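Asker: First the structure, then my questions, so here it is.
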Amino acid sequence: EIVLIQTPPSSPITLGQPASISCRSTQSLVHSDGNTYLTWLQQRPGLPLRALIYKISNRFSGVPDRFSGSGAGTDFTLKISRVEAEDVGVYFCMQLTHFPITFGQGTRLEIQ
Amino acid sequence: QVQLVESGGGVVQPGKSLRLSCVGSGFTYSSHALHWVRQPPGKGLEWLAVIAYDGGQKFYADSVKGRFTISKNNSNNTLFLQLNSLRADDTAVYFCARAPYFRLVGDTMRAGDNAFDVWGQGTTVTVSS
């Protein structure tokens, strides 16, 4: 199965400053249909998991534009342009290209 | 409001069984595939199982195949996960999540562009003697 490795495991963040999380796959996530099914999720304390980004760079409905995704093949990045207090939590990448679906181990963002 | 609500978790002894439920509202339940995902305490997410919109196709992670069974009742918008032969390492928060569809043909999976767009809040299963 595909292994997704996220770095860093945790990151102190400063309000108003950018933040970035990396997700690397052990195999290419390019599907036979040409798409790359890489999704980013956010987990905040006491709230349901929230989907942020799908197919590398597409924001789900209602996701602020300070969140952006990029990458290709095996290397992907989630960026927050200006961190807000509500962005504290754990972020996961997940791949839906190869069965079974797998997740990265998570990156915890904490206010510095 | 689109929503998924899980229930049925609890404390259970090793070897026993439990049935989890996930009720959907605010969307056409019968038109969506549904997934189960779990998260052990302090750990990451693990995908467990998926069921097609009509309940016709079901797929499982190797870690739970043969012990867990996914099912769906579209008449009352409810997804189930039957957990049998429970072990201590099944202790986790169990989540359900929505997807537009799911197909697996050979090695080719199609889970939908915006799969996992809605998640429940989770239900906690603790396996302990």
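The numbers here are math on the coordinates, done by the rules we state, and not lab data. Since the model is a prediction, treat every value here as computed from it, not as a measurement. Note: ideal-geometry Cβ built from the backbone for every residue, glycine included; neighbour counts use all protein chains shown.
Asker: Would you work out which of B:Q57, B:L18, A:S25 lies farthest towards the positive end of the dipole of the protein assembly as shown, given +1 charges on the beta-carbon of Lys and Arg and -1 on that of Asp and Glu, about the Cα centre?
Answerer: Of B:Q57, B:L18, A:S25, it is B:L18.
Asker: Still on this structure: Please give every one of the aspartates and glutamates within straight-line cross-link reach of B:K72, meaning a C-alpha to C-alpha distance under 17 Å, and leave out same-chain neighbours fewer than 8 residues apart.
Answerer: Straight-distance partners of B:K72: B:E6, B:D54.
Asker: Based on the Cβ-Cβ distance from B:T28 to B:T108, what FRET efficiency comes out when R0 is 22 Å, to the nearest 0.05? Can you show the working numbers first?
Answerer: Details: r = 26 Å, r/R0 = 1.18.
So the FRET efficiency works out to roughly 0.25.
Asker: What's the long-distance tail for the protein assembly as shown, i.e. % of Cα pairs beyond 25 Å? Numbers along the way, then the final one.
Answerer: Working: 11742 of 28920 pairs.
Result for the distance tail: 41 percent.
Asker: Show me the ranking of peptides A:93-100, B:34-41 by mean Cβ neighbours inside 10 Å, starting with the highest.
Answerer: Working: A:93-100: 23.2, B:34-41: 21.5.
Ranked from most to least packed, the peptides come out as A:93-100, B:34-41.
Asker: Moving on. Taking only the Cα atoms of chain B, how large is their convex hull per residue, in Å³?
Answerer: On the way: hull volume 13.2 nm³, N = 129.
Taking only Cα atoms, chain B has a hull volume of 103 Å³ per residue.
Asker: If we count every other residue with Cβ under 15 angstrom of A:D87's Cβ, Lys/Arg +1 and Asp/Glu -1, where does the sum land? Spell out each step's value before the answer.
Answerer: On the way: positive: A:R44, A:R50, A:R59, A:R66, A:K79, A:R82, A:R108; negative: A:D65, A:E84, A:E86, A:E110.
Overall, the nearby charge balance is +3.
Asker: Aspartates and glutamates near B:K16 by alpha-carbon distance under 14 Å, same-chain residues fewer than 8 away left out - which ones?
Answerer: Result set, ordered by chain and number: B:D89, B:D90.
Asker: What whole number of Å gives the distance from the Cα centroid of region A:77-112 to the Cα centroid of region B:16-45?
Answerer: Distance between centres, Cα-based: 20 Å.
Asker: Students often forget the sequence filter, so: which aspartates and glutamates lie under 14 Å Cα-Cα from A:K55 once same-chain residues fewer than 8 apart are removed?
Answerer: Counting by Cα, and skipping residues close in sequence, A:K55 has these aspartates and glutamates nearby: A:D33, A:D75, B:D113, B:D117.
Asker: With bins 5 Å wide starting at 0, give me the P(r) of region A:9-63 over every alpha carbon pair, in whole percents.
Answerer: Pair shares across the bins are 4, 14, 18, 23, 23, 10, 6, 2, 0.
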